[in-house]
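The structure under discussion appears below in the form of structure tokens.
The values are calculated or read from the model by the stated rules, or taken from the named source; none is laboratory data. Here the structure is a predicted model, which means the values were calculated and not measured. Backbone-built Cβ (ideal geometry, glycine too); neighbour counts: all protein chains shown. SASA here: full protein model, heavy atoms, side chains in, ligands and nucleic acids out. Shrake-Rupley method; radii C 1.70, N 1.55, O 1.52, S 1.80 Å.
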Amino acid sequence: DRFQADARRGALVAASEDFSAVLDSLIVCKFLRKCFTDFYTEGAEILEKVTGWSFSSSELRQVGERINVLKKLFNLRQGWRPQDDWLPPRLLNEPLPTGVGQGIELTESELRAMIAGYYKARGWDENGRVPLEQQKALNI
């Protein structure tokens, strides 16, 4: 249910972000994203054929995580605060006006739960900060 707000969404969002980061880094058109049977395995094969660099599917998957962690660390360095991971008030105060989601709204508690689920899926602390152990594991 795409309108169901819960903490399990965090893992889906993190995986989607990592996938998109790798797709963009390989400079593969997003229109092709559904053309792969096993994206990370096939992406690693493409990368090796083009560059000669040998990556396993799990290493390529980790590239996506590393990209997103680096983006987070950059934002932290630039002054990001936990309250910056939030939506504009309108999205929490106005139900969807039309379409199949008409009348659906997102509450602050649902958003908090989804953010907490995202941080957990990423392995970050409850304030959205990247643990030093994770940085070391990603060679950052």
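Within region 43-55, is even one residue open to solvent by less than 60 Å² (accessible area, probe 1.4 Å) and either charged (D, E, K, R) or touching a residue at least 60 places away in the same chain (Cβ under 8 Å) (or both)? No, that holds for no residue.
Just wondering, is there one or more residues in region 80-100 that are of a type outside the set (S, T, Y), closer than 30 Å to D38 by Cβ and open to solvent by less than 60 Å² (accessible area, probe 1.4 Å)? No; the residues of region 80-100 include none that is of a type outside the set (S, T, Y), closer than 30 Å to D38 by Cβ and open to solvent by less than 60 Å² (accessible area, probe 1.4 Å).
The residue list G64, G103 contains one member that is open to solvent by less than 50 Å² (accessible area, probe 1.4 Å) and either assigned to a loop (DSSP other than H, G, I, E, B) or charged (D, E, K, R) (or both), which is G103. For region 52-90, the tally of residues that are farther than 17 Å from Q134 by Cα and among the basic types (K, R) stands at 2.
If you go through region 17-36 and keep only what is modelled with pLDDT of 95 or more and over 16 Å from L47 (Cα atoms), you end up with E17, D18. As a summary of the residue check, D18 satisfies the conditions (1) assigned to a loop (DSSP other than H, G, I, E, B); (2) open to solvent by less than 70 Å² (accessible area, probe 1.4 Å); (3) touching a residue at least 40 places away in the same chain (Cβ under 8 Å) except for the one numbered (1). Taking residues in region 120-138 that are over 15 Å from A11 (Cα atoms), and partners anywhere that are open to solvent by less than 30 Å² (accessible area, probe 1.4 Å) and aliphatic (A, V, I, L, M), the pairs with Cβ atoms closer than 6 Å and at least 6 places apart or on different chains are V130/V69; L138/V69. Quick check: is even one residue across region 21-37 in contact (Cβ under 8 Å) with a residue 40 or more places away in the chain, under 30 Å from A116 (Cβ atoms) and over 15 Å from the mean Cα position of the chain (by Cα)? No: zero hits. Can you confirm whether region 119-132 contains a residue that is surrounded by 15 or more Cβ atoms within 10 Å (Cβ to Cβ), of a type in the set (A, V, I, L, M) and closer than 21 Å to D18 by Cβ? Checking region 119-132: at least one residue is surrounded by 15 or more Cβ atoms within 10 Å (Cβ to Cβ), of a type in the set (A, V, I, L, M) and closer than 21 Å to D18 by Cβ.
Here N93 fulfils each of the conditions (1) over 25 Å from L132 (Cα atoms); (2) at pLDDT 95 or above apart from (2).
With respect to (1) closer than 23 Å to G79 by Cβ; (2) open to solvent by less than 90 Å² (accessible area, probe 1.4 Å); (3) in contact (Cβ under 8 Å) with a residue 12 or more places away in the chain, the lone exception for E110 is condition (1).
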